[in-house]
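So the structure is just underneath, and the comments pick up after that.
The values are calculated or read from the model by the stated rules, or taken from the named source; none is laboratory data. Everything quoted here is computed from the prediction, not taken from an experiment. Methodologically, a virtual Cβ is constructed for each residue, glycine included, from the backbone with ideal geometry; neighbour enumeration extends over all protein chains shown. Heavy atoms of the whole protein, side chains included, go into the accessibility calculation; ligands, DNA and RNA do not. Shrake-Rupley method; radii C 1.70, N 1.55, O 1.52, S 1.80 Å.
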Amino acid sequence: MYPLDINRIACIGAGFVGGPLGAVIASKCSSVQVTVVDKDPARIHAWNSESLPLHELQLAEIISDIREHAEKSTECVKSRLIFSTDIQTAVQKAQLIFLCIDTPTRTSGPGSGFAPDLGNLKRAIEAIARTATDDKILVAKSTVPSGTSQVIRMLFEQHCRPDVKCEVLSNPEFLSEGTAIHDLLYPNRVVIGSQQTVSGKDAARKLAGVYQAWVPPSRIIFTDSLSAELGKLAANAMLAQRVSNINTLGTICEATGARIESVSQICGLDPRIGPHMLKASLGWGGGCFQKDILSLVNATRKLGLDQIASYWESVVWMNEHHKLNFQKRLVSCMGGSIKGRSITVLGFAFKKGTSDTKNSPAISLIRGLLACQAQVIIYDPMVPAKQIITDLHLTPGELERTTISHSPYSACSGANAVVVATDWDNFLCELSRNDEAQPLNWEHILKVMQEPKFIFDGRNILDCDFIRKLGGRYVRVGSPSEWDQLPVASL
Ligand SMILES: NC(=O)c1ccc[n+]([C@@H]2O[C@H](COP(=O)([O-])OP(=O)(O)OC[C@H]3O[C@@H](n4cnc5c(N)ncnc54)[C@H](O)[C@@H]3O)[C@@H](O)[C@H]2O)c1
């Protein structure tokens, strides 16, 4: 058991990590006030409105429960969860500060294209240090290269008052978008990396005291900061590699006649391999996998370990190759040209359960379809049209050939082909219906499509026999189809 010595927490960065983390801590630790701050007033405004800036299951319920409780409360602290742009006040009051700031891949300067951009993080630490009037525990939630905790400590010490001290903990976040609240409520591990000093270990115990309100102590792992930081990069690199592994095997299946579902099952039943992340698709996306592997590659290269860097880098380029392969296969199945063809893309988010579109495989697919002169209609149940247009970076000519639809049925009306690009439950067929989702009426879709009525299932979520019975030419990842022009590989 660890004592809960903390009653004021700040989360800097109200994004996919900071917002849900703040909400979960506030809901579980009744004696703690959590202030989530961000430099972006629009984001904070959205957190304080009915329309939250991000979609996550249970998130809205948790926040409204906390707010309801605050309204009824007679205590002097009216709300345990505050969203604000007042970073200074939040920092001054907080004993423990979670750093939940974005660390995207650098697009210029040293390490461009590989190293994470720690600019926002560094600016936040300088601001915290200048504001702090008492000792702080800084907790790095952001995914950062191994050794960053030490950099944070030095930066803080450079900018703080001489009588103020800080301990820096590395507490990487392992939540997945789409299941963020569940992952935060029931984490399979909470990693706390600290300096191996008395004060470092004491700070780690204080952070454990917060988590202990809802996480069993056996799931809280104490380690050194370097290992915690590297462990997070390693976990994401291994997850992405696993998906790339299965996708390469899927391509072999398409060329040989084997079926990727069977191959996945055969491999996944081996307890040393296990069944997770073995689903073939049109490619992986999201804001983390690619940037974290590239960060690992950058750090490894800086250590002079070029072969190891190339090994991990290949996971990223294999995914790029795979996304391109899916697109080439589509064109090949449709007779070698899609010029003037009407192609509907169902789904734009990088995966189901989130409105996040960072690195979504739909983006490169749609850009490829437009480059082949197709007409593209896009529907996503969660991603706003404005976001789709921003992500696609369309030329005026491409914009003319692109339509964003608000209904899957009007999106598919007149389409020569439909591509399932995101695994939303409500894209499922009635036959493989998930009780909680309202499935698409594929019978209607096939009726309103135009010949040749191709259905390219980039997520392998549709029922092949059902679609074929309805007259659709069904093509899925990791299984050959009669429309493939690919030569059979001689293995
Ligand atoms: N999104 C995920 O699924 C996930 C999972 C695990 C770890 N992570 C890591 O967590 C970190 C945060 O990710 P995210 O997805 O929440 O990012 P995000 O872009 O959704 O949110 C980051 C927020 O930080 C704010 N910010 C940036 N600089 C600031 C400053 N100086 N002061 C105040 N606010 C500032 C931004 O305005 C933004 O709202 C990243 O390092 C990411 O790799 C993300």
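The residues of region 16-55 that are near the ligand (Cβ under 10 Å from one of its atoms), open to solvent by less than 10 Å² (accessible area, probe 1.4 Å) and not hydrophobic (A, V, I, L, M, F, W, C), listed by number, are Gly18, Gly19, Pro20. Taking the numbered list (1) without any contact (Cβ under 8 Å) to a residue 60 or more places away in the chain; (2) of a type in the set (Val, Ile, Thr); (3) outside any helix (DSSP H, G or I) in turn, Ile343 passes all entries but (1).
For region 252-271, the criterion of being assigned to a loop (DSSP other than H, G, I, E, B) and open to solvent by less than 20 Å² (accessible area, probe 1.4 Å) is satisfied by no residue at all. Total residues in region 272-295 satisfying the condition of being open to solvent by less than 40 Å² (accessible area, probe 1.4 Å) and in a loop (DSSP other than H, G, I, E, B): the figure is 10. For Ala349, the requirement of being touching a residue at least 40 places away in the same chain (Cβ under 8 Å), aliphatic (A, V, I, L, M), in the same structural domain as Cys412 (by TED's automatic domain parsing) and part of a loop (DSSP other than H, G, I, E, B) is met.
For region 382-405, which positions are among the hydroxyl-bearing types (Ser, Thr, Tyr) and open to solvent by less than 80 Å² (accessible area, probe 1.4 Å)?
Step one: filter region 382-405 for residues among the hydroxyl-bearing types (Ser, Thr, Tyr), giving 390, 395, 402-403, 405.
Of everything in region 382-405, those that are among the hydroxyl-bearing types (Ser, Thr, Tyr) and open to solvent by less than 80 Å² (accessible area, probe 1.4 Å) turn out to be Thr395, Thr402, Thr403, Ser405.
Against the list (1) open to solvent by 40 Å² or more (accessible area, probe 1.4 Å); (2) more than 24 Å from Phe16 (Cα to Cα), the condition Cys160 fails is (1). Would you mind stating whether Gln212 is open to solvent by 30 Å² or more (accessible area, probe 1.4 Å) and within 25 Å of Leu185 (Cβ to Cβ)? Yes. Taking region 59-132 and the helices (runs of 4 or more DSSP H) fully enclosed by it, the elements with 3 or more residues that are more than 15 Å from the ligand (Cβ to nearest atom), free of Cβ contacts under 8 Å to residues at least 40 places away in the same chain and open to solvent by 20 Å² or more (accessible area, probe 1.4 Å) are at 59-72. Scanning region 81-104 for residues that are over 19 Å from Glu167 (Cα atoms) and in contact with a strand residue (DSSP E or B) (Cβ under 6 Å, 6 or more places away or on another chain) yields Leu81, Ile82, Phe83, Ser84, Ile87, Thr103. Among the residues of region 154-180, those that are within 16 Å of the ligand (Cβ to nearest atom) and in a strand (DSSP E or B) comprise Val168, Leu169, Ser170.
Does region 204-224 contain any residue that is assigned to a helix (DSSP H, G or I), under 30 Å from Leu462 (Cα atoms), among the polar types (S, T, N, Q) and out of contact with any strand residue (DSSP E or B) (no Cβ under 7 Å at 6 or more places or on another chain)?
Taking region 204-224 and keeping what is assigned to a helix (DSSP H, G or I), we get 204-211, 217-219.
The next check asks that each one be under 30 Å from Leu462 (Cα atoms); those that pass are none.
No.
Determine which member of the set Gly231, Gly304 is open to solvent by 20 Å² or more (accessible area, probe 1.4 Å), assigned to a helix (DSSP H, G or I) and not charged (D, E, K, R).
Gly231
Applying the criterion of being in a loop (DSSP other than H, G, I, E, B) and over 23 Å from the mean Cα position of the chain (by Cα) to the residues of region 1-15, the residue that is nearest to the ligand (Cβ to nearest atom) is Ile6.
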